[in-house]
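The values are calculated or read from the model by the stated rules, or taken from the named source; none is laboratory data. The structure displayed is predicted, hence computed values, not measured ones. Here the Cβ positions follow ideal geometry from the backbone for every residue, glycine too, while neighbour counts run over all protein chains shown.
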Amino acid sequence: MKTTYRIHQIRTAVSSMLLLVLFMSGCKIYSFKDAVIPSDVKTVKISPVTNTALYVNPQVAQKMYDKLQQKIIGSTRLIRTNNDDADYVISGGITTYDATQTVGVSSQQASTNRLTVTMHVVWRKNKTNETVEFDVSRSFDYSANLSLQQAEGQLLDEVVRTLTDDVFNRIFSDW
């Protein structure tokens, strides 16, 4: 009786361990945090972000450029270079930076405004002689009681982080 009980405990423990291992490896397969980069790609050139939006916040382009560099160099094995013949050349610019009023209305007054920021990205893959262009765009709501300049002070870090993550995921995540 004790032997049967002991065998049952061992089987349960082994089954639990196998399920845990399968679960852990399964999570790895579906992870969006891992950069997918062909093994022959070694270098990246990240060009300064331009700002061609009608309204120009002078901080956005520089902060996007800095954050994008940090994210790519910190999260991939790529080596940054200034050469145009790098394996990947990434450039882009802020094309939309618009604040709209009256997203939400309460008691006949605007309660929420929205800042929409769009970045156009050009990703040149020199190894395959391919160029991919895409836009990432996000909207950020803020209180209608704030001026745009006040809202920018509160939203700027979130805008930069969110758009940087979107650009990174479009380039380096396999989804």
Legend entry - Condition check for ASP34: modelled with pLDDT under 95, under 18 Å from ASN126 (Cα atoms) and not hydrophobic (A, V, I, L, M, F, W, C): no
Legend entry - Residue in region 145-156 that is surrounded by the most Cβ atoms within 10 Å (Cβ to Cβ), counting only those that are farther than 15 Å from THR116 by Cβ and in contact (Cβ under 8 Å) with a residue 12 or more places away in the chain: LEU146
Inset, instruction - Name the one entry in TYR65, TYR142 that is out of contact with any Lys or Arg (no Cβ under 8 Å at 6 or more places or on another chain), without any contact (Cβ under 8 Å) to a residue 60 or more places away in the chain, in the same structural domain as ASP166 (by TED's automatic domain parsing) and aromatic (Phe, Trp, Tyr). - result: TYR65
Inset, instruction - Scan region 108-130 and give yes if some residue there is more than 15 Å from LEU156 (Cα to Cα), aliphatic (A, V, I, L, M) and at pLDDT 95 or above, otherwise no. - result: yes
Inset, instruction - Restrict the check to region 119-131 and report whether at least one residue is without any contact (Cβ under 8 Å) to a residue 12 or more places away in the chain and either in contact with a strand residue (DSSP E or B) (Cβ under 6 Å, 6 or more places away or on another chain) or part of a helix (DSSP H, G or I) (or both). - result: yes
Legend entry - Hits in region 139-175 - residues which are in contact with a strand residue (DSSP E or B) (Cβ under 6 Å, 6 or more places away or on another chain) and closer than 17 Å to GLN59 by Cβ: PHE140, TYR142, LEU148, ALA151, LEU155, VAL159, THR162, LEU163
Inset, instruction - Pick out the one residue from VAL136, VAL167, VAL160 that is surrounded by 14 or more Cβ atoms within 10 Å (Cβ to Cβ), hydrophobic (A, V, I, L, M, F, W, C) and in contact with a Gly (Cβ under 8 Å, 6 or more places away or on another chain). - result: VAL167
Inset, instruction - State whether one or more residues within region 55-78 are in contact with a strand residue (DSSP E or B) (Cβ under 7 Å, 6 or more places away or on another chain) and assigned to a strand (DSSP E or B). - result: no
